[in-house]
Amino acid sequence: MGTELGKYKACVSARSTNKEILKRSQDGGIVTQLFAYALEEGIIDGAIVAGPGDEPYRPRPFIATTVDELMSARGTRYNISPNVSWIKEATRSYGLDKVGIVGTPCQMQAVRKGQLYPFGWRDVDDKIALAIGIFCMENFPYQSIKQLVEDHAGVSMQSVKKMDIGKGKFWVYTERGATVQLPLKVTHKYEQPGCHVCLDYVANLADVSTGSVGSPDGWSTVFVRTKNGDDIWGKAIAAGCFETKPIDQVKPGLELVSKLANEKINKNQKTVEGRATFGVDKALRNPYIKP
Amino acid sequence: MATADVEKKAEITKKEEKPVAEKITVGHVHMSGCTGCLVSLADNYDGLLTILDKYADLVYGLTLADVRHIPKMDVALVEGSVCIQDKISVEEIRETREKAAVVVAVGGCACYGNITRFSRGGQPNQPQHESFLPVGDLIKVDVYIPGCAPCPQLIRNVCVMAYLLLKGNQEQQELAKKYLTPLMQLADRGTEACGCDLMIDVVNQGLCMGCGSCAAACPVRAITHEYGKPNVNREMCIKCGACYAQCPRSFFNFDVITEFEGISELINGALQ
Ligand SMILES: Cc1cc2nc3c(=O)[nH]c(=O)nc-3n(C[C@H](O)[C@H](O)[C@H](O)COP(=O)(O)OP(=O)(O)OC[C@H]3O[C@@H](n4cnc5c(N)ncnc54)[C@H](O)[C@@H]3O)c2cc1C
Ligand code: SF4
Ligand code: SF4
Ligand code: SF4
């Protein structure tokens, strides 16, 4: 295992000790629990999360300043939620001095770029108090998800209780208890194109990053990455927020995370390289070389 | 301009200067801008005082230093676009290029024209002053700091990095070079910016992933997201260039950004 998992100080399998959180969390409720703890302890004044939007399963980024609001945002919405769009407003209109933000690996990249290169993010760099990253293989436009759920799975968006991607399949669970699964072969073509040049699977630049892969059902794999993340995670554990197990004692464990990370990075690296010869003596732009 | 050139020029100025304190010399050159960029620099408060105390001597600046003519300097921070009907401005910008080792265009007006792109003249008391060009249309610019106003923190970072590039040890020089590279590449990219760049160079190129950075960067709230993709209100856009520069899919230099923790500590440490 090399750079594909990024730098980290610790990796564990964990889940929240709060049953209420677990009722609707996507996996081990790590995101909601850690933000709730940080909010109650004054480590953050609020957190940018992806809450329910105007249509079923369409996320709307918003700034949660209460535990109830955090609870309303539990669960994964497999389509784009521009969480970072609130990063400056959080410190302005909302007046937060200590901002939490959850996001996909690309959103963590955006946050760190904005801290080192704040072109338009005035007075933001030192106000990011907790950045939680979620693992991400790919994301979808809302219309893609709608098409997958309604056309391919034959389920109305209103009746979906949960969506999940795992064990090589796209799962749709309905409020009435039905389960429909689609092979990822079907979902691939609906992916957001921008995801195909993405070179990060496990949110290497977050303070703490988490996802389901590697841990048993209902549990999450957690990487503790920065000094800040380590500090907050340590306090949350001491406060009894999480049950944990050493990652080398759970199945399928870190090896699977590593394998998927490598698969994603290698595939997308090829896409990035392919862009150089996309046309006849004409390249598509490579953001990793220059603007 | 390649980093090697900057170094070469820096060396030349170094030789010509008397070897006093290990500070760099910096000037603020005011073209047609609103002084918001200068205020942004000043908004570093204690940080600015530390910079002036430890790293940089301010050798030129209309409101700050009592010097009439543009002197030799390591770094010129140029604010504002150049009115080509104003002889003095044109002369001064030419002189700036001659006298400064590194020319930094600070803010949207210097980089891209920004709000001055909309000028058609007719303002008292010089109604004939109607044409304003980004600095890069008249001289070679080395480093860009887009934005309106540019963020105090980015100006600060560039000042610290410029110091490390010119006076640091080898490791610091390497870091500074890596850090400044995308800002030099932005300078090479051209003198036009618009919210449309998000469409042309990100979405049209199949690179947008819907993070929202662009909307957060826009000073006039011209950008919203529709189903995760940026939607620019072009009537509102003032052409400052912040959104595209902020976008992680305009540039993303892993070698620098992956080290965000260490670099932030270094910059904060330098300003203690
Ligand atoms: C597009 C996408 C793809 C993913 N792919 C993988 C994968 O391949 N492997 C894997 O192990 N995990 C993946 N995840 C992460 C996983 O689905 C869970 O979100 C993660 O494990 C957190 O669960 P939790 O129980 O700790 O969080 P919860 O307590 O349930 O909270 C989830 C948090 O995520 C936020 N959120 C929900 N949707 C989005 C969104 N679209 N964008 C940004 N934030 C959002 C919510 O606001 C909420 O705060 C993916 C997530 C997303 C959004
Ligand atoms: S695959 Fe990458 S670009 Fe796409 S949403 Fe996930 S982290 Fe972002
Ligand atoms: S900043 Fe994010 S949302 Fe905006 S254009 Fe770039 S990738 Fe897309
Ligand atoms: S859309 Fe906003 S940030 Fe982008 S160039 Fe226009 S004014 Fe600047």
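Here, each number is a calculation from the coordinates, and none is a lab measurement. What you see is a predicted model, and the numbers here were worked out from it, not measured in a lab. Please note: Cβ atoms are built from the backbone with ideal geometry, for glycine as well, and neighbour counts cover all protein chains shown.
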- Debye sum, Cα scatterers, the range B:210-272, no solvent: what log₁₀ I/I(0) at q = 0.20 1/Å? -0.81
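What ranking do A:ILE132, B:ILE84 get, fewest neighbouring Cβ atoms within 10 angstrom at the top? Write down the numbers at each step before the final one.
Details: A:ILE132 26, B:ILE84 16.
With the sparsest Cβ surroundings first, the list reads B:ILE84, A:ILE132.
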- Message: Give the average, rounded to an integer, of partner chain Cβ atoms located within 10 angstrom of each Cβ in B:241-249.
- Response: 6
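Across every pair of different alpha-carbon atoms, what Kirkwood hydrodynamic radius in Å does the range B:119-272 reach? Can you show the working numbers first?
On the way: mean 1/r = 0.0577 Å⁻¹.
Its Kirkwood hydrodynamic radius stands at 17.3 Å.
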- Query: Stokes-Einstein D for the range A:1-144 at 37 °C, 0.692 mPa s, Kirkwood Rh over Cα pairs, in µm²/s?
  - Reply: 208 µm²/s
- Message: Kirkwood hydrodynamic radius, computed over distinct alpha-carbon pairs, for chain A: how many Å, to one decimal?
- Response: 19.6 Å
- Query: Can you tell me the Rg and Dmax of the protein assembly as shown, counting just the alpha carbons, in angstroms?
  - Reply: 24.9, 81
- Taking each residue of B:176-182 in turn, how many C-beta atoms of other protein chains fall within 10 Å of its C-beta, and what is the average? 1
- Message: Given the options A:SER258, A:ALA239, A:GLY218, identify the residue whose Cα lies farthest towards the positive end of the charge dipole of the range A:211-258 (+1 on Cβ of Lys, Arg; -1 on Cβ of Asp, Glu).
- Response: A:ALA239
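Take the eigenvalues of the Cα gyration tensor for the range B:36-181, scale each by 5, and report the square roots as semi-axes in whole Å, largest first.
Numbers: eigenvalues 153, 48, 46 Å².
Here the semi-axes work out to 28, 15, 15 Å.
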- Task: Could you please state, rounded to a whole Å, how far the C-alpha centre of the range B:197-225 is from the C-alpha centre of the range A:110-158?
- Result: 13 Å
- Message: Per-residue Cβ counts within 10 Å, from other chains only, averaged over A:173-184: what number is that?
- Response: 0
- Item | Note, ³J(HN,Hα) from phi for the range B:249-266, Karplus 6.51, -1.76, 1.60, rounded to Hz, x at Gly and Pro | 9, 7, 9, 9, 9, 3, 4, 9, 5, 4, 8, 4, 5, x, 5, 4, 4, 4
- Highest GNM mean-square fluctuation, chain B, Cα pairs closer than 10 Å: which of B:GLY108, B:GLY27, B:GLY228? B:GLY228
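Based on alpha-carbon positions alone, could you give the equivalent ellipsoid semi-axes of the range A:240-291 from the gyration tensor, as √(5λ), descending, whole Å? Let's see the in-between values first.
Values: eigenvalues 311, 36, 7 Å².
Equivalent-ellipsoid dimensions as semi-axes: 39, 14, 6 Å.
When ranked by the protection proxy of mean other Cβ atoms within 10 Å per residue, highest first, what sequence do the peptides A:100-106, B:116-122, B:69-75 form? Write down the numbers at each step before the final one.
Working: A:100-106: 28.0, B:116-122: 14.1, B:69-75: 19.4.
Listed from highest to lowest mean packing, they are A:100-106, B:69-75, B:116-122.
Jot down the per residue volume, in cubic angstrom and as a whole number, of the convex hull over the alpha-carbon atoms of the range A:112-220. Display every interim value, and only then the final one.
Numbers: hull volume 16.7 nm³, N = 109.
Spread over its residues, the Cα hull of the range A:112-220 gives 153 Å³ apiece.
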- Message: Taking every pair of distinct Cα atoms and averaging 1/r, then inverting, what Kirkwood hydrodynamic radius in Å comes out for the range A:158-291?
- Response: 17.9 Å
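What length, rounded to one decimal in nm, is gained on full extension from B:GLN123 through to B:LEU62, with 0.36 nm per residue of separation minus their alpha-carbon distance? All intermediate terms of the calculation are to be shown ahead of the outcome.
Values: separation 61, 0.36 × 61 = 21.96 nm, distance 2.27 nm.
Result: 19.7 nm gained on full extension.
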- Query: Can you tell me the Rg and Dmax of the range A:1-76, counting just the alpha carbons, in angstroms?
  - Reply: 14.0, 42
- In vacuo Debye scattering of chain B, one point per C-alpha: log10 I(q)/I(0) at q = 0.13 Å⁻¹? -0.86
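Among bridges DSSP assigns within chain A, what percent are antiparallel (round to 5)?
On the way: 31 of 42 bridges.
The antiparallel fraction comes to roughly 75 percent.
Applying 1/(1 + (r/R0)^6) with R0 = 22 Å to the Cβ-Cβ distance of A:THR277 and B:ASN204, what FRET efficiency is obtained, to the nearest 0.05?
Working: r = 19 Å, r/R0 = 0.85.
The value I calculate is 0.75.
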- Mind ordering B:185-191, A:250-256 by average Cβ neighbours within 10 Å, highest first? B:185-191, A:250-256
- Alpha-carbon centroids, the range A:1-78 and the range B:49-102: separation in whole Å: 49 Å
